[in-house]
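Q: Let me begin by handing over the structure; questions about it come next.
The values are calculated or read from the model by the stated rules, or taken from the named source; none is laboratory data. Quick caveat, the model's predicted, so the values are computed rather than measured. Here the Cβ positions follow ideal geometry from the backbone for every residue, glycine too, while neighbour counts run over all protein chains shown. Quick note on the areas: whole protein, heavy atoms, side chains included, nothing else; ligands and nucleic acids left out. Shrake-Rupley method; radii C 1.70, N 1.55, O 1.52, S 1.80 Å.
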Amino acid sequence: MKFYKVLEQKLKARNTSLKNFYDSANPVEKRILEEYGAIFVASEKVKIPPAVIFSNEDEVAEFQAGLQIAKENIGGFELELQKAAMKALTESIREAEAENLTITPRGADSARRNFAHTINLWASRVEPALEHWTKEGKLTFVEAEKLRALSPLEQVPEVFKLEEKGVFFSKDLSKSIVYSVAPPGASQHLSLLAFDVAEFRNARVREILAANSWFQTVVSDHPHFTYLGVNESELEDSGLKKVENRSQTFWIPDI
Ligand SMILES: [Zn+2]
């Protein structure tokens, strides 16, 4: 419950009410807040989205246009993040280099994304999963076609319902799609506060990133780091709790 208390205070400071920010009666929004919510209690050094889920490209564009953005070439890719996040990332990279380590992006889309890209990523998981589960006999052809006919935003609650029955949509089909890609409009990358790290398996790299306020905040999305702008010792007071997954530490909403 602590998380909601902190969130409410943070939103108040930003002149947003919890009611405008989040519809607790909407199961998709509730799930997104539980899984990806750490970003919403980030420090005042950065801006957070006006709602749990962006509903279209215009909303994303308007939010991103109001950000202070820094651009850097990292590992051969031109990447954009909110200024404070980029500063902390380049500092992490410098510290890693001093220890002969590298911190590089997994790909060209490791930092900033737009709404259309989150739609494409969503589709890239949904279609193979539909083919697989139809072949396995877990879904009928008609059920799969029905899902295909929906818009990506309409697909989200239906995919969540299927996952409750063990029909999973992550890339390896073993877990929920939310640990593989974000539903359209829900990605932390839209906020320019997330960075997918190639060297996430290196414990020292994770330590350096954490010392610079970059934390893993989506359980079982191991390469995904989020800039929260606070020290690790302040995370509990920020409404987050520590969870271990495959010997890695994640900070998620304490709900
Ligand atoms: Zn990511």
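Q: Do we have residue 124 as outside the structural domain of residue 95 (by TED's automatic domain parsing), closer than 30 Å to residue 64 by Cα, open to solvent by 40 Å² or more (accessible area, probe 1.4 Å) and within 16 Å of the ligand (Cβ to nearest atom) here?
A: Yes; evaluated as a whole, the condition is true for this residue.
Q: For residue 169, all conditions in the list (1) aromatic (Phe, Trp, Tyr); (2) open to solvent by 40 Å² or more (accessible area, probe 1.4 Å); (3) away from the ligand (no atom under 16 Å from the Cβ) hold save one; what is the number of the exception?
A: (2)
Q: If you don't mind, there's one more thing I want to ask. Among the numbered conditions (1) more than 19 Å from residue 190 (Cα to Cα); (2) small (Gly, Ala, Ser); (3) in contact (Cβ under 8 Å) with a residue 12 or more places away in the chain, tell me where residue 116 comes up short.
A: (1)
Q: Return the only residue of 237, 196 being outside the structural domain of residue 120 (by TED's automatic domain parsing), near the ligand (Cβ under 10 Å from one of its atoms) and either surrounded by fewer than 24 Cβ atoms within 10 Å (Cβ to Cβ) or not aliphatic (A, V, I, L, M) (or both).
A: 196
Q: May I ask you to say which residue of 253, 157, 152, 183 is within 16 Å of the ligand (Cβ to nearest atom) and within 17 Å of residue 31 (Cα to Cα)?
A: Within the list 253, 157, 152, 183, the selection yields 183.
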